[in-house]
Amino acid sequence: LVTGCSWFGDSTEPEKESYEAGKKSLEEGNYELAKSYFREINQSSPFYPQAIWMIQKVPFKKGVAAFKQKQYPIAINELSKIPLHSPDYAESQRYMNLVKLALLKEQFLKTTGKERFELVEGIINIANGLADTKLIFESVDLIYTGLDQSSSTRDTMDLINLLGRVVITNENLKLQQKALNYLLTDFEQLYKHPEVRPEVLRIIGNLKLEIM
């Protein structure tokens, strides 16, 4: 019996080493090397289910790493491989939205006019969907950038309307106070547009009521 136990322990030792080496490689970002270690483990091994689970985590790990390195096409490619039944699926979708957000922001900085308005609207929708206060603040800052750089009354009106919708529906008092400060500081500039004037006054009034 003792011999039998010793034999079983010896037989699993190399596969345990492969599993540990695979884990270490995965943590270090050596994804292909990690998979090669995990694939050395036989189906009969007690480490086999864990090895399969670790192999399935590789696309998620690669996708997150690519996102952090701003390699967005690679991130999208890897994160899209995560199946619905994976425990990483919900988090992979969050990262997919973060990738989309980053790409939209890059486009925003390169565009003007109507296209810029459509981009910032998309950015805000994603930020709201993620329910991330920091991202929402950053997204609203893009509205201010758009307003400061706007050369068209139509574009200014669109952005003011969007600002009004975002800050009134969001109950964050700091966000609302920042919007109110912006509108009051830039009031003279915005007031030059007769079409925009009533909406600016309406938003200021609503914000004061919300903040009171």
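The values are calculated or read from the model by the stated rules, or taken from the named source; none is laboratory data. This one's a predicted model, so the numbers in the text were calculated from it and none came from an experiment. Positions of Cβ are backbone-derived with ideal geometry, glycine not excepted, and every protein chain shown enters the neighbour counts. Surface areas here come from the heavy atoms of the whole protein model, side chains and all, with no ligands, DNA or RNA. Shrake-Rupley method; radii C 1.70, N 1.55, O 1.52, S 1.80 Å.
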- Task: Counting helices only, and only those DSSP H runs with n ≥ 4, report the 222 nm mean residue ellipticity of the chain as the sum of -39,500 (n - 2.57) divided by its residues, in deg cm²/dmol to the nearest 500.
- Result: -26000 deg cm²/dmol
- Find the relative contact order for the chain and round it to a whole percent, using C-alpha pairs within less than 8 Å whose residues are 6+ positions apart. 10 percent
- Item | Fraction of accessible area attributable to carbon and sulfur, the range 68-212 (%, probe 1.4 Å) | 54 percent
- Note on the structure: Scoring only Lys, Arg, Asp and Glu (+1, +1, -1, -1) among other residues with Cβ under 14 Å from the Cβ of R165 yields -4
- Query: About the Cα centre of the range 1-146, what is the dipole size in debye to 20, counting +1 per Lys and Arg Cβ and -1 per Asp and Glu Cβ, all else neutral?
  - Reply: 440 debye
- Message: Taking the full set of protein chains and a 1.4 angstrom probe, give the accessible area of L159 in square angstrom, rounded to the nearest 10.
- Response: 10 Å²
- Report the relative contact order of the range 91-172, percent, no decimals, based on alpha-carbon pairs under 8 angstrom and at least 6 residues apart. 26 percent
- Task: Take the Cα atoms of the range 167-211, find their three principal axes, and give me the spread along each one in whole Å, biggest first.
- Result: 29, 16, 13
- Quick numbers on the chain, Rg and Dmax over C-alpha atoms in Å, give 26.2, 94
- Message: Keeping every protein chain present and rolling a 1.4 Å probe, give me the accessible area per residue for the chain in Å².
- Response: 59 Å²
- Item | Where T153, T111 fall by accessible area, highest first, once all protein chains stay in place (1.4 Å) | T153, T111
- Query: Largest first, how would E106, E78 line up by accessible area (1.4 Å probe)?
  - Reply: E106, E78
- the range 2-114 pair-distance distribution - Cα-Cα, 5 Å bins, rounded %: 2, 12, 17, 16, 14, 11, 8, 6, 5, 3, 2, 1, 1, 1, 0, 0
- Report, please, the projected area of the range 96-202 averaged over directions, based on the convex hull of its C-alpha atoms, in nm². 6.1 nm²
- Message: For K178, what accessible surface area do you get with a 1.4 Å probe? Give it in Å², rounded to 10.
- Response: 80 Å²
- Query: What does the charge add up to near R154, with Lys and Arg as +1, Asp and Glu as -1, over the other residues with Cβ less than 15 Å from its Cβ?
  - Reply: -3
- Message: What does the extension gain come out to for Y72 and Q107, with contour length at 0.36 nm per residue minus their alpha carbon separation?
- Response: 11.3 nm
